[in-house]
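One structure is given here, and the rest of the page talks about it.
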Amino acid sequence: MSAVTGAAVGTKAIPSGATASDETGFRTTDLAVETPDADSVSGRSAWVSRVIRVASVAVAIGLWQLLTASDVRAGLRFDTLPTVTEIVAEFGEHLGTGQYYLDVAQSLIRIVTGFGLAAVIGVLAGIGLGRSRLLADVFGPLAELVRPIPAIALVPVAILLFPSDESGIVFITFTASLFPVLVSTRHATRTLPTIWEDAIRTLGATRREVLTRVVVPGILPGVFSGLSVGMGVAWICLISAEMISGRLGIGYRTWQSYTIVDYPAVFVGMITIGVLGFLTSGIVELAGRRVTRWLPREVAS
């Protein structure tokens, strides 16, 4: 019996740093092994990831400079492209002019207006099509017929339909980003587990409470996936529309630079488009992470 008692005492958990003696008189010490702090490990992993990302961009820029400065012509004609130093010099000239900032502001206004309308209408329409059989029967076929048409193919329609180029470009941007949001929201609504709705209905919830407490929170991950895709598509079609019928904007200025054979200015426009697209997509993704903070996150190893 004493042996059992001694074994039980010997296996008793002891707080970190504490010591104790069992019935046999032997001194028992805490043998816990210190593990590295999880926050410090994740912090180091984040810094390593950032360094790798910056290094990859630096390597790409260095390779571009090497190929263009050396006039390499091996299948691809790098000798016809501007070097990194020429692009940087051109970028500095653009930053010193008011026209550059006017073009950036004009493109941002168009993207915010078109994408904002598409986000609101796409989410509402997606919920309606996903939850109402009548709306799905009436508007579903129309949406599926229009959805495969590239938004840029609607430029002639926009020119004929709207009284100004500005409203037509916003319409193209709106159409481009509408369907990714609508389809993603509709799919998220239809795949929502019915047990969630059944559970809250048994507690006496009204239709509005079901919508605000179950449907909307449940579809948020799918909604923001559609918004992220919609933002990228919106930029593609906005720049194309500006090149075709615009009078201001980054797309218009980039195409104008190409027509006058100012290739460094063309790359300045391309870089500006990439940076603006990266920043706006990052804002959407950040908003999505903030809104869905209650979701479980995968811990990086």
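The table for this structure:
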| read-out | value |
| --- | --- |
| Residue 222, sole failed condition from (1) surrounded by 12 or more Cβ atoms within 10 Å (Cβ to Cβ); (2) farther than 30 Å from residue 130 by Cα | (2) |
| Matching helices (runs of 4 or more DSSP H) fully within segment 111-201 where at least 3 residues are in the same structural domain as residue 243 (by TED's automatic domain parsing), modelled with pLDDT of 90 or more and exposed (fewer than 14 other Cβ atoms within 10 Å of the Cβ) | 133-146 |
| Cβ-Cβ under 6 Å pairs, at least 6 apart or on other chains, segment 65-78 side of a type outside the set (Ser, Thr, Tyr), far side in a loop (DSSP other than H, G, I, E, B) | 65/83; 69/83; 78/72 |
| Count of segment 148-180 residues which are touching a residue at least 24 places away in the same chain (Cβ under 8 Å), under 21 Å from residue 105 (Cα atoms) and small (Gly, Ala, Ser) | 3 |
| Hey, residue 248 touching a residue at least 40 places away in the same chain (Cβ under 8 Å) and surrounded by fewer than 19 Cβ atoms within 10 Å (Cβ to Cβ) or not | no |
| Residue in segment 82-98 that is under 25 Å from residue 166 (Cα atoms), in contact with a His (Cβ under 7 Å, 6 or more places away or on another chain) and surrounded by 12 or more Cβ atoms within 10 Å (Cβ to Cβ) present | no |
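The values are calculated or read from the model by the stated rules, or taken from the named source; none is laboratory data. None of these values were measured; they are calculated from a predicted model. Backbone-built Cβ (ideal geometry, glycine too); neighbour counts: all protein chains shown.
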